[in-house]
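So the structure is just underneath, and the comments pick up after that.
Any read-out appearing in this document is the output of simple, stated calculations on the displayed coordinates, not a laboratory observation. The model shown is predicted, which means the values in this text are computed figures rather than measured ones. Note that each Cβ is placed from the backbone with ideal geometry, even for glycine, and that neighbours are counted across all protein chains shown.
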Amino acid sequence: METEFLKSFLLWSAALNYGLLLLFFAAFVFARHWMYRLHRRWFNLEQATFDAILYLWFGFYKLAIWFFLIVPLLVLLILQW
């Protein structure tokens, strides 16, 4: 596999995943009460617990983007340089 294709793929994947992260975060900020009411039907959660779980998943997703997309892209750029 060519490194140019791999760099392009990693860059676009990172941009797409960061866009999804920002979209989900905006939904969390602007529709948090609606999301909580929807999930409260299925699970017996307090609002603070619900917020903590979502915040944890946001952090996990962001770290996954960094570890699996951005760091390999930076390594490829450094190796090319």
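Some notes on this structure:
- Ranking L6, A48, F25 by Cα position along the charge dipole of the chain, where only Lys, Arg, Asp and Glu carry charges on their C-beta atoms, puts A48 farthest toward the positive end.
- Once the Kirkwood radius over Cα pairs is known for the chain, the Stokes-Einstein relation at 37 °C and 0.692 mPa s delivers a diffusion coefficient of 224 µm²/s.
- Dividing the mean sequence gap of close Cα pairs (under 8 Å, 6+ apart) by how many residues the chain holds gives a relative contact order of 61 percent.
- q = 0.25, 0.27, 0.28, 0.33 Å⁻¹, segment 35-81: log10 I(q)/I(0) [Debye, one scatterer per Cα]: -0.85, -0.90, -0.93, -1.06
- For the pair I78 and W57, label points projected 7 Å from Cα toward Cβ lie 3.3 nm apart.
- Applying a length cut-off of 18 Å (Cα extent along the axis) and a mean Kyte-Doolittle floor of 0.5 to the DSSP H helices of the chain leaves 3-30, 47-65.
- Dipole magnitude of the chain, debye to nearest 20 (Cβ charges: Lys/Arg +1, Asp/Glu -1, about Cα centre): 380 debye
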